[in-house]
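Enquirer: Submitted below is the structure of interest, expressed as structure tokens.
The values are calculated or read from the model by the stated rules, or taken from the named source; none is laboratory data. Small disclaimer: the values here were computed from a predicted structure and weren't measured. Cβ placement follows ideal geometry from the backbone for every residue including glycine, while neighbour counts extend to all protein chains displayed.
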Amino acid sequence: MALICLTSACQPERPMHKVVYKVKSTSGSVAVAYTQLNGEKSDMVEVKTPWTKTLSFRNTVVYLLVANPNEYGDISCEILLDGKSLKFEESKYPNDKVACALFIP
């Protein structure tokens, strides 16, 4: 007799993945918002660049939003998954926003 498991409780838990957010700008500072450990988006906060933040996630989508409050400069965002760059976006002035998103298995 075979036992068939139809619930998620029967599946092994997915491993955690190391996620690194990276932000660069030529103006020296930007405003960022990102997916936090609890899955919620952080408030926009001003940070000096280059800026990095390392967190661990599993089975979710993470976002990194960057805005340039300065009247000059280029900005970029990057998301690394387990040390490998999987998402990179950049914007040149006068465009003042850029966003990166990535599914974490």
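Enquirer: What's the total number of residues in the stretch 60-105 that are free of Cβ contacts under 8 Å to residues at least 24 places away in the same chain and under 16 Å from Ser42 (Cα atoms)?
Expert: Result for the stretch 60-105: 0.
Enquirer: Going by what's in this entry, would Leu102 be described as in a loop (DSSP other than H, G, I, E, B) and aliphatic (A, V, I, L, M)?
Expert: Working: in a loop (DSSP other than H, G, I, E, B): no; aliphatic (A, V, I, L, M): yes.
Criteria not met by Leu102.
Enquirer: Continuing with the same structure: Just a yes or no: is a residue in the stretch 8-15 on the phi < 0 side of the Ramachandran plot and either at pLDDT 95 or above or acidic (Asp, Glu) (or both)? Spell out the reasoning first.
Expert: Of the residues in the stretch 8-15, the ones on the phi < 0 side of the Ramachandran plot are 8-15.
Checking the rest, the ones that are also either at pLDDT 95 or above or acidic (Asp, Glu) (or both) come to 13.
Looking through the stretch 8-15, at least one residue is on the phi < 0 side of the Ramachandran plot and either at pLDDT 95 or above or acidic (Asp, Glu) (or both).
Enquirer: If you don't mind, there's one more thing I want to ask. Among the numbered conditions (1) touching a residue at least 60 places away in the same chain (Cβ under 8 Å); (2) out of contact with any Ser or Thr (no Cβ under 6 Å at 6 or more places or on another chain); (3) part of a strand (DSSP E or B), tell me where Val20 comes up short.
Expert: (2)
Enquirer: Only one residue in Glu46, Glu90, Glu78 is buried (at least 16 other Cβ atoms within 10 Å of the Cβ), of a type outside the set (A, V, I, L, M) and either assigned to a strand (DSSP E or B) or at pLDDT 95 or above (or both), so which one is that?
Expert: Numbers: Glu46 fails: buried (at least 16 other Cβ atoms within 10 Å of the Cβ); Glu90 fails: buried (at least 16 other Cβ atoms within 10 Å of the Cβ).
Exactly one residue qualifies, and that residue is Glu78.
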